[in-house]
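Scroll down for the structure; my scribbles are underneath it.
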Amino acid sequence: MTSETALPESGQHQVSPPRFHRAWSVAIVAFLALVGAASFRAAPSVLIDPLHEDFGWSRASISAAVSVNLILYGLTSPFAAALMERFGIRAVVTSALALISLGSGLTIFMTSSWQLILLWGVFVGLGTGSMALAFVATVVDRWFVEKRGLVTGILTAGGAAGQLVFLPVLAKIAETYDWKSVAFTVSFAALAVVPFVLLFLRNYPSDVGTTPYGAPADYTPPAKPVYQRGGAGGRAISVLVMASKTKVFWLLAGTFAICGASTNGLIGTHFVPASHDHGMPITTAASLLALIGILDMVGTIASGWFTDRMDSRKLLGIYYLFRGISLLFLPLLLANTVNPPMIAFVIFYGLDWVATVPPTVALCRQHFGADAPIVFGWVLASHQIGAGLVAFLAGLVRDQIGSYDAAFLVAGALCAIAAVMSLLIAKRPKEAVLVDSV
């Protein structure tokens, strides 16, 4: 089946731009969906100890479910981006929310750890992966010409903040009731987002008779890709084959793998149990992660603003260096209470949590042009592979030596390596495009 060859050139009929551009309403709904998806994916971090106590499962086996979730979250992303090209954003996001609701709801009935891996690992991983950061890249590329860096920062901040801000709520539910109540809450919340997606999210500006925000008067919509063999999956693979022949792709994938390892995989998954090891209440540790999420909104939005104005390679180098320094100090700061040095870590680390996303998206766009959303999907896959591996390995380290300290130190060293790799990425003019769409 072949998709339409081009979008309607609706921009030719637009006399003057509206005072409130429709792109902003699409961005708001995308923000809500990202916040929801992130909060759904965050739930396992507050369930590690409750599941361990309820079923007697090892932390490594529980962390394995988190690892599968994180890896599928990334691996699904490029295919979801291709599906959005072919079937539309609304259809993919709606299906993803339904899958999350199903996966979370069925965990109430599980009796074995493999069921946790299947439901929270596979089902929720596939669902949240369909609303990953490649979704951000797709929305921004379709709906914005100006302020792309800023909007990327805002949407990314929403995803990261949702993952962390809801942790205290989920932790309180688990503490007051039980882990099943958390699973039910996530299942219900996923379905609650669906009406907003159906009512307000649109696939292209031309669907509502407008052009992207900031588009020039002579703007012509780009042609849609034509699918000849393999459909959306074949396109995602062909873009990967193309991108993998370039040095810049491997540098971006490598740095983003370390990004995932040092955020979602380590801090996002194990900060709460690591703090609990030192006597800190779970709700208090979750509240610190929530504060990281709030600060991340500031840091990531600022990063988007900087990305519109500065060399993205240098920004990445700075972000990874500072993150590495903060992780090296973390083992010295963990205690049974919240002390000023820990607050300093939360502020420092929080501002840097996913500030790497806007410059990484910008570099994908600069080097890969119209294929950037799918390329970024594969870069995100490396991010989640790194996150998934560290989520499991850190849990294994905790089981074997009784402490997370070694995991924090190794992650800090990896961030220093990522800083160097970022500066090795070739500088390329913004207007340069490596390849055209298939």
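Summary of computed values
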| quantity | calculated |
| --- | --- |
| 0 to 90° range, to nearest 10: angle between helix 340-352 axis and the chain longest Cα axis | 20 degrees |
| Per-selection Rg to Rh, segment 36-112 - Cα, Kirkwood hydrodynamic radius | 1.04 |
| Residue range of the chain that is longest and free of GluC sites (Glu not before Pro) which are both DSSP loop and sparsely packed (at most 16 other C-beta within 10 Å) | 147-430 |
| Distance between segment 255-318 and segment 161-215 - C-alpha centres, whole angstrom | 20 Å |
| Hypothetical label at Ile237: residues of segment 363-385 whose amide nitrogen lies under 17 Å (7 Å Cα-Cβ projection) | 375, 378 |
| Hypothetical label at Thr111: residues of segment 55-79 whose amide nitrogen lies under 20 Å (7 Å Cα-Cβ projection) | 55-58, 62 |
| Gyration tensor (Cα) of segment 253-327, equivalent ellipsoid semi-axes in angstrom | 27, 15, 9 |
| Least to most buried among Thr111, Thr76 (fewest other Cβ within 10 Å first) | Thr111, Thr76 |
| Fewest-first sequence of Asp141, Asp218 by Cβ atoms within 10 Å of each Cβ | Asp218, Asp141 |
| Angle between the chain longest axis and helix 89-106 axis [Cα atoms, degrees, rounded to 10] | 20 degrees |
| Cleavage-rule hits (trypsin sites (Lys or Arg not before Pro)) in segment 278-342: DSSP loop, at most 15 neighbouring Cβ within 10 angstrom | Arg309 |
| Nearest-ten-degree value, helix 312-333 long axis tilted from longest Cα axis of the chain | 10 degrees |
| Per-peptide average of other Cβ atoms within 10 Å, ordering 95-107, 178-190 highest first | 95-107, 178-190 |
| Mean shadow area of the chain over all directions, Cα convex hull, nm² | 19.6 nm² |
| Environment charge of Tyr319, counting only residues whose C-beta is closer than 15 Å and scoring Lys/Arg +1, Asp/Glu -1 | 0 |
| Separation in nanometres of the label points that stand 7 Å from Cα toward Cβ, at Val122 and Ser244 | 2.4 nm |
| Residues Phe376, Phe256, sorted so that the one with the fewest Cβ neighbours within 10 Å comes first | Phe256, Phe376 |
| At 1.002 mPa s and 20 °C, Stokes D of segment 317-356 from Kirkwood alpha-carbon radius, µm² per second | 205 µm²/s |
| Values of log10 I(q)/I(0), in the order q = 0.10, 0.11, 0.21 Å⁻¹, for segment 320-410 under a Debye, Cα-only, solvent-free model | -0.38, -0.45, -1.09 |
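None of the figures in this text is laboratory data; all of them are computed from the coordinates on show. Just so we're clear, the structure is a prediction, and the values are computed from it rather than from any experiment. Glycine also receives a Cβ, built like all others from the backbone with ideal geometry; neighbour counts cover every protein chain displayed.
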